[in-house]
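The structure appears below as structure tokens.
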Amino acid sequence: MAIGEEAIVRSELRWAAVSIGVVSLIMLALIYAGIVHHINPPSNIEPIDPKTLHLSGEFTEANLGTRVSAEGQVTSRIVATQFTFQPRCIVLPANQRVTLRFATPDVIHGILVTGTNVNTMIVPGYVSQVHTVFTRTGELLMPCHEYCGLGHSEMFATLRVVPASEFKPDAQGRVSCDAR
Amino acid sequence: MTHARRLALAHFWIGFIAFAIALVLGVWQMWVRSPLPAPFLTASTYFSSVTAHGTAMAYVLTTFTVMGFGYYVAETALARALPAPRWAWTGFWLALAGTLMAVVTIFSGRAAVLFTFYPPLIASVFYYIGLVLVVAGSWIWCVLMIVAMGQWKGANPGRPVPLAMFATVANAVMWLWTTVGVTLELLFQVIPAALGLKAQIDVGLSRTLFSWTLHAVVYFWLIPSYIAFYTMVPQAAGGRLYSDTMGRLTFVLFLIYSLPVGLHHLLMDPHQSNAFKFLQVALTALVSVPTLLTVFTIGASLEIAGRLRGGRGLFGWIGALPWERPLVLATGLAFLMLAFGGFGGLVNMSYGMNAMVHNTSWVTAHFHLIFGGTVVIMYFAIAYTLWPSLTGRAAPSLAAQRLQLWLWFIGMLVMTLPWHYLGLLGQWRRVATFNYADPIIAAWGPWVIVSLVGGLILLVSGLLFVRNLLQFAIGRASHVPAEVYATAVHPPLRVPAALNGFRLWNVLVLVLMLLAYGYPLAQFFIIDPPGALVHRVDQRR
Amino acid sequence: MTPEEELERVMRDVPRGALALAALSVGLLLVGWFLVYLLVFLPRGMVS
């Protein structure tokens, strides 16, 4: 045979190099998105006891929902539980950095917000945290996207993104859907 | 009939019966999720159905097909009798008993935890024990494959193991590694909880252990398809395998890179750090290399066939291929669906970009394309190729086989293209019903109905597949089965020891697994996070 | 021609076609990925 085995293997290895080049381009684009646009996975190794989180600390009922701190930081605390969110409606300002913090007292849940990159699992034992900036105003859906039991299909919340002018915290820094 | 052939037929039929039942359930689930009113709907029936669909497709169809195909390859590629057929039958009955135990538990409504478990949700212990028995049966198969290759090497010192068997043993070795994660999760966490011995579960640990299994399991399903690509398709097309050496290297790469990558299933989980997520994403990117090598090698093998048949020019050889042969047609369609599925997968594994699609219909579309489009369509083609030799009869109609394959391809695209689109819009996974009164969700309705039509086409195709196999009973007797294995352009006379066994590669897998999973698993014992209370789903209120 | 001579003849062209086909598919894949990256992913904004 005129075409030797070495020539064949060479052609294969050249193609493998092209393949590695292609996936390297993708990896570079991901590093760019991570560093320049701050788009990274919502990793947050912050343990919390699911059995007691409702009794004391930041996830007690009085602390849930959106709060603006004295420094102006906007944080929303949400409990995901079989088969609802507390609260079921959350108000957040547009074009401003906000932090969403989730915890669950029971089983695995997860959320996404339609039309955005907001997405995290909510795993019992950990606080899940997502920082983001919402650029469009309006009502967005925030469903539970992970199977959590027979009532999973009915588990969703509404996220109301309002212009900064309509985002008015009360004296304690609280903003809720009922207040409007 | 030899033992191996009887074994192959028995395994294939169990797998295909499970497949047909799962197909009906899948279509019903899509109907329920659509805006059209569907019968039999309760939360319990829906999620039991999803559990049965996933279990039957992912654990039963695949495991039995892989085992049956392995027995066939061990006997025909090595040209010697299967070692210890009694053990092979033990594995078969073990796996069948486990399947029945799991299925009865699911249909009694006591295992609505889906096939990926989700502890601290806990089902009846019989569901998990059933699955452990299926895995135990497959372990017997793994050992038999390794022994068969070892005996052949003993009798043929210095000769290269035939590629089909080398790849089968690569899969067996990989499967032993793969099942360690899920086995640890079941034996130390889930089953003790199901027995009432444990009240709490470390969920981060269980998710990380399951992720160990979750990617490599897909390659376990996929490798029979790749064995067909490398060792049967060039022959069916009338050509030669372009490179036997690269075939071996590809299967070795699958063994190495399918394992230390499972964290890409946990990109949105809080309990793993971005450093290890990024490391495993980088390793995931390298998994594309053996896949792209296969595209090239099989492309070149088909090019040889096309040019031998008179095809000319840069692309003229494609039209000259014998597309009327079902195995060749299935390969073409499988590569097209692999391209779509691979595209979706590239987006999924893309680190921060995973946030855009995680747990949306995009992911469902991706794995249905890979599973249905590359794995299962090749299972069809493998069955069509082996059936004449297994039954001693010729196929009564190749046209019916081609029709079935085309319907599968069309149905798969009609079903999954809308799912990709809906996933980008944010349609989330694993729900029985959507509130179509909501204006955002109402706009999804028409596309959900289109995907249901795709599901119906798939159902027709699946049932036609079973009919086509049954039709062999009326085919004319044919006692000279055609040669199924391809010859390489340069048939290997001698190969390096590294490409004739797995000792070296097992060491490498161990090193990579320690690197990729060592700390991500050890951290749970260091930070000792609080446990979650067990939530049973098998007790009626 | 004998089968071996036939094979010899076609091996003068192989794998040009396969390379072109594989490069075309991977090129399309890459373009598709970057379209999603630039048109959907980046505009949806920062999360971390």
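The values are calculated or read from the model by the stated rules, or taken from the named source; none is laboratory data. Because the structure is a prediction, the values reported are computed rather than measured. Cβ placement follows ideal geometry from the backbone for every residue including glycine, while neighbour counts extend to all protein chains displayed. Heads up: the accessible areas ignore ligands, DNA and RNA and are worked out on the full protein's heavy atoms, side chains in. Shrake-Rupley method; radii C 1.70, N 1.55, O 1.52, S 1.80 Å.
Looking at the structure I just gave you, is A:Cys89 more than 13 Å from chain B (Cβ to nearest Cβ), modelled with pLDDT under 95 and open to solvent by less than 50 Å² (accessible area, probe 1.4 Å)? Judged against the criteria, A:Cys89 is not a match.
Yes or no: the stretch B:303-312 includes at least one residue that is surrounded by 24 or more Cβ atoms within 10 Å (Cβ to Cβ), more than 7 Å from every other protein chain (Cβ to nearest Cβ) and of a type outside the set (Ser, Thr, Tyr).
Looking for residues that are surrounded by 24 or more Cβ atoms within 10 Å (Cβ to Cβ), more than 7 Å from every other protein chain (Cβ to nearest Cβ) and of a type outside the set (Ser, Thr, Tyr), one finds at least one in the stretch B:303-312, hence yes.
Is it true that B:Leu263 is part of a loop (DSSP other than H, G, I, E, B), open to solvent by less than 10 Å² (accessible area, probe 1.4 Å), within 14 Å of chain A (Cβ to nearest Cβ) and touching a helix residue (DSSP H, G or I) at 6+ places or on another chain (Cβ under 7 Å)? No; evaluated as a whole, the condition is false for this residue. How about the stretch A:134-173: which of its residues are within 14 Å of chain B (Cβ to nearest Cβ), open to solvent by 10 Å² or more (accessible area, probe 1.4 Å) and in contact with a strand residue (DSSP E or B) (Cβ under 7 Å, 6 or more places away or on another chain)? A:Arg136, A:Gly138, A:Glu139, A:Leu140, A:Leu141, A:Phe156, A:Thr158, A:Arg160, listed by residue number.
Summed over the stretch C:1-27, the residues that are more than 8 Å from chain B (Cβ to nearest Cβ) and open to solvent by 80 Å² or more (accessible area, probe 1.4 Å) give a count of 6. Evaluated against (1) within 14 Å of the chain's Cα centre (by Cα); (2) farther than 30 Å from B:Ala111 by Cα, A:Glu146 falls short on exactly one condition, (2). The residues listed here are B:Ala88, B:Ala112, B:Ala102; of these, the one that is of a type outside the set (Phe, Trp, Tyr), surrounded by 23 or more Cβ atoms within 10 Å (Cβ to Cβ) and not in a helix (DSSP H, G or I) is B:Ala112. Once the stretch B:110-122 is narrowed to residues that are aliphatic (A, V, I, L, M) and under 13 Å from B:Gly54 (Cβ atoms), the residue that is farthest from the other protein chains (Cβ to nearest Cβ) is B:Ala111. Among the residues of the stretch B:271-298, those identified as open to solvent by less than 10 Å² (accessible area, probe 1.4 Å) and assigned to a helix (DSSP H, G or I) are B:Lys277, B:Gln280, B:Val281, B:Ala285, B:Val287, B:Pro290, B:Leu293, B:Thr294, B:Phe296, B:Thr297, B:Ile298.
Consider the stretch B:183-203 and keep the residues that are farther than 19 Å from B:Leu114 by Cβ and assigned to a helix (DSSP H, G or I). The one that is most open to solvent (accessible area, probe 1.4 Å) is B:Phe188.
When B:Ile457 is tested against (1) among the aliphatic types (A, V, I, L, M); (2) in contact with a Leu (Cβ under 6 Å, 6 or more places away or on another chain); (3) within 14 Å of chain A (Cβ to nearest Cβ), just one condition goes unmet, and that condition is (3).
Under the condition of being at pLDDT 90 or above and of a type in the set (Gly, Ala, Ser), which residue from the stretch B:474-504 is surrounded by the most Cβ atoms within 10 Å (Cβ to Cβ)? Across the stretch B:474-504, the extreme among qualifying residues is B:Ala486. For the stretch B:127-148, the criterion of being open to solvent by 10 Å² or more (accessible area, probe 1.4 Å) and not in a helix (DSSP H, G or I) is met by no residue. Among the residues of the stretch B:322-380, just one is open to solvent by 10 Å² or more (accessible area, probe 1.4 Å) and at positive phi, namely B:Tyr351.
B:Ala79 fulfils the conditions (1) at positive phi; (2) aliphatic (A, V, I, L, M); (3) buried (at least 19 other Cβ atoms within 10 Å of the Cβ) except for a single criterion, (3).
Can you confirm whether the stretch A:162-178 contains a residue that is in a loop (DSSP other than H, G, I, E, B) and either of a type in the set (Ser, Thr, Tyr) or in contact with a Gly (Cβ under 8 Å, 6 or more places away or on another chain) (or both)? Scanning the stretch A:162-178, I find at least one residue that is in a loop (DSSP other than H, G, I, E, B) and either of a type in the set (Ser, Thr, Tyr) or in contact with a Gly (Cβ under 8 Å, 6 or more places away or on another chain) (or both), so the answer is yes. The set of residues in the stretch A:1-10 being at the interface with chain B (Cβ under 8 Å from one of its Cβ atoms) and not in a loop (DSSP other than H, G, I, E, B) consists of A:Glu5, A:Ile8, A:Val9. Hey, any hits in the stretch A:71-85 for a residue that's farther than 27 Å from B:Leu121 by Cα, free of Cβ contacts under 8 Å to residues at least 60 places away in the same chain and within 14 Å of chain B (Cβ to nearest Cβ)? No: the stretch A:71-85 contains no residue that is farther than 27 Å from B:Leu121 by Cα, free of Cβ contacts under 8 Å to residues at least 60 places away in the same chain and within 14 Å of chain B (Cβ to nearest Cβ). All of (1) at pLDDT 95 or above; (2) within 14 Å of another protein chain (Cβ to nearest Cβ); (3) open to solvent by 60 Å² or more (accessible area, probe 1.4 Å) hold for B:Arg402 with one exception: (2). All conditions but one from (1) surrounded by fewer than 24 Cβ atoms within 10 Å (Cβ to Cβ); (2) more than 19 Å from B:Ile140 (Cα to Cα); (3) over 14 Å from the mean Cα position of the chain (by Cα) apply to B:Gly54; the one that does not is (3).
What are the residues in the stretch A:122-133 that are open to solvent by 10 Å² or more (accessible area, probe 1.4 Å) and not polar (S, T, N, Q), if any? Once the filter is applied, which keeps residues that are open to solvent by 10 Å² or more (accessible area, probe 1.4 Å) and not polar (S, T, N, Q), the stretch A:122-133 yields A:His131, A:Val133.
The condition (being closer than 30 Å to A:Leu140 by Cβ, hydroxyl-bearing (Ser, Thr, Tyr) and open to solvent by 60 Å² or more (accessible area, probe 1.4 Å)) is satisfied by just one residue among B:Tyr436, B:Tyr421: B:Tyr421.
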